[in-house]
Each structure stands twice: as C-alpha cells, then as structure tokens.
Amino acid sequence: MSLRVVISGASSGLGLALARHYLMSGALVGVIARRDELLRVLAVEFPGQVYCYALDVRDAAGLQLAAANFIAQVGVPDVVIANAGVSVGTLTEYAEDMDAFRQVMDINVLGMVQTFQPFVAAMRDVRRGTLVGIASVAGIRGLPGAGAYSASKAAAISYLESLRVELHGSGVKVVTICPGYIKTAMTVVNPYRMPFILDAGDAAGRMVRAIERQTSFAVIPWQMGWVACVLRCLPRWLYDRLFANAPHKPRGLL
C-alpha cells in the first residue's frame with residue numbers, strides 16, 4: 001500500500017521538496033498551500049498521486065474540510081507534516097511591526113496546531129501515524145531582529161513536546177525537526193553568513209529519514225545540532241555579549 005502523506009506549505013521551498021521526495025517514492029500526497037496554481041503543476045507532474053488543497057493554514061474550517069476529504073478519498077494519513085511558515089525581521093520598538101508579529105505567530109504556531117488537529121482523533125482510532133512539526137534552530141535562543149520568528153519557533157518546539165507526551169502510548173508519534181539554514185526564498189534575503197546551509201532537496205531527504213526513524217527531536221544538518229547545544233548552554237551574559245551586534249534579518253511586510 002502506498003504511503004499516505006499530508007504536507008502544508010507545499011507549493012515552494014522545503015515543503016515542495018518534501019512533497020516531491022514522497023511523490024517520487026510513490027506516495028499519495030495531500031498538498032496544502034495558498035497558491036493553487038503551483039499545487040496544480042505538481043498534480044500534473046505526478047498524476048493520480050496529488051490531492052490539492054488551496055488553503056491558508058490560518059483557515060481552521062478549511063483545514064477541517066481538507067482533512068475530511070483526504071481521509072475519505074485516501075484514508076488516514078501515515079504522516080502529516082506541518083511545514084507552512086513565514087519569517088520576517090521584526091523590532092518591537094516599531095508599532096508597524098506588530099502586525100508582522102501577529103501573522104508570524106498565527107501561521108507558525110496556530111497554523112501548526114490547526115494542521116494537526118483534524119487528523120489526531122482518526123490517527124488515535126487506528127493507533128498509528130506520525131505528526132511532524134517543522135520548527136527551527138532559531139527557536140533555541142532568541143535572535144536579535146527576529147523576535148517574532150524565534151518566539152514562534154520556540155513555541156512550536158514546546159507545543160510539539162506537549163503533543164508528544166499527550167499522545168504517548170496511543171500509537172501516534174510526534175517528530176520535531178529543527179532545520180538550520182536551507183536555501184529557500186525565506187533565507188535568500190538574509191544579509192549574513194549562513195553556516196552549513198543545505199539545498200532544499202538535500203534537507204528534505206534528511207528529514208524524511210528522521211521521520212522514518214520516528215526520531216522525537218532532530219536538528220538538520222547534524223552540525224547545527226552542535227551549534228544549538230552550544231547556544232543552549234551559553235550563560236545569558238555571554239550570549240548577550242556575543243549576539244548584541246549580530247546582523248539582523250531585514251524588516252519587511254508579509
């Protein structure tokens with residue numbers, strides 16, 4: 001039987017790379033993204049394998065309908081990947097950045113919850129399935145100029161841990177993936193060096209292997225795992241001194 005996978009944010013970047021990886025292995029994939037025309041290109045390339053849902057992950061009712069449709073047509077998914085996310089530089093001192101803060105939190109945190117929620121009961125009933133949340137190394141410590149993004153990814157990491165414990169013993173696994181830098185539209189605007197940066201296809205392959213192993217927490221690439229460990233262990237006074245003058249992601253509109 002073909003693997004059944006649902007992926008949000010699947011029209012570009014990492015989400016598209018994950019979708020293509022699963023599709024090339026013969027999986028049946030439900031793809032969720034706002035840009036329907038890009039999802040349809042994927043459906044033409046992989047006829048009979050793609051189920052398109054043109055949705056924003058802030059649309060909880062739409063996600064409920066999409067989940068019901070996928071389950072009715074394909075069955076309970078084996079893997080649900082909450083990948084949709086946004087990043088933009090933000091500074092608390094600017095009132096005009098407050099909307100960006102709200103949007104980043106809504107998409108990166110509540111969007112993840114709303115992507116998973118319609119599938120949890122069905123997965124519990126069949127006692128199988130894996131829920132995968134794409135967080136970030138940026139959620140390990142607060143990065144200057146990225147208050148919204150770092151906060152959203154820290155919240156995602158904590159949320160996924162709560163969910164993993166809630167579902168312990170149910171047969172449903174929860175996998176937290178914290179990528180480092182990946183070559184996507186989200187990182188191309190970064191005006192600073194990005195160590196250990198990966199192509200989206202390479203990153204997707206590594207993530208799929210972590211998902212298959214049902215690793216509870218994975219940092220990709222592994223080198224960024226060491227960076228994360230070092231950052232986590234730095235005393236606050238030293239972290240503050242080292243990062244006070246770090247370059248910022250450009251502020252902008254979402």
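Just one residue in the set Val6, Val31, Val57 is modelled with pLDDT of 95 or more, under 13 Å from Ala84 (Cα atoms) and assigned to a loop (DSSP other than H, G, I, E, B); that residue is Val57. Would you check if Arg164 is in a loop (DSSP other than H, G, I, E, B), in contact with a strand residue (DSSP E or B) (Cβ under 9 Å, 6 or more places away or on another chain) and not acidic (Asp, Glu)? It is false that Arg164 is in a loop (DSSP other than H, G, I, E, B), in contact with a strand residue (DSSP E or B) (Cβ under 9 Å, 6 or more places away or on another chain) and not acidic (Asp, Glu).
Does Thr92 qualify as being buried (at least 20 other Cβ atoms within 10 Å of the Cβ) and hydroxyl-bearing (Ser, Thr, Tyr)? For Thr92, the condition - buried (at least 20 other Cβ atoms within 10 Å of the Cβ) and hydroxyl-bearing (Ser, Thr, Tyr) - is not met. The one condition from (1) modelled with pLDDT of 95 or more; (2) in a helix (DSSP H, G or I); (3) over 21 Å from Asn108 (Cα atoms) that Glu37 does not meet is (1). Restricting attention to region 91-135, the residues that are β-branched (Val, Ile, Thr), under 18 Å from Arg58 (Cβ atoms) and in contact with a strand residue (DSSP E or B) (Cβ under 9 Å, 6 or more places away or on another chain) total 4.
Scanning region 196-214 for residues that are at negative phi and either free of Cβ contacts under 8 Å to residues at least 12 places away in the same chain or exposed (fewer than 14 other Cβ atoms within 10 Å of the Cβ) (or both) turns up Asp199, Asp202, Arg209, Glu212, Arg213.
Suppose the filter is within 21 Å of Leu14 (Cα to Cα), in contact (Cβ under 8 Å) with a residue 40 or more places away in the chain, β-branched (Val, Ile, Thr) and out of contact with any His (no Cβ under 9 Å at 6 or more places or on another chain); does Val79 pass it? So Val79 passes the test.
The values are calculated or read from the model by the stated rules, or taken from the named source; none is laboratory data. In this text the structure is predicted, and so the values were computed from the model without any measurement. Methodologically, a virtual Cβ is constructed for each residue, glycine included, from the backbone with ideal geometry; neighbour enumeration extends over all protein chains shown.
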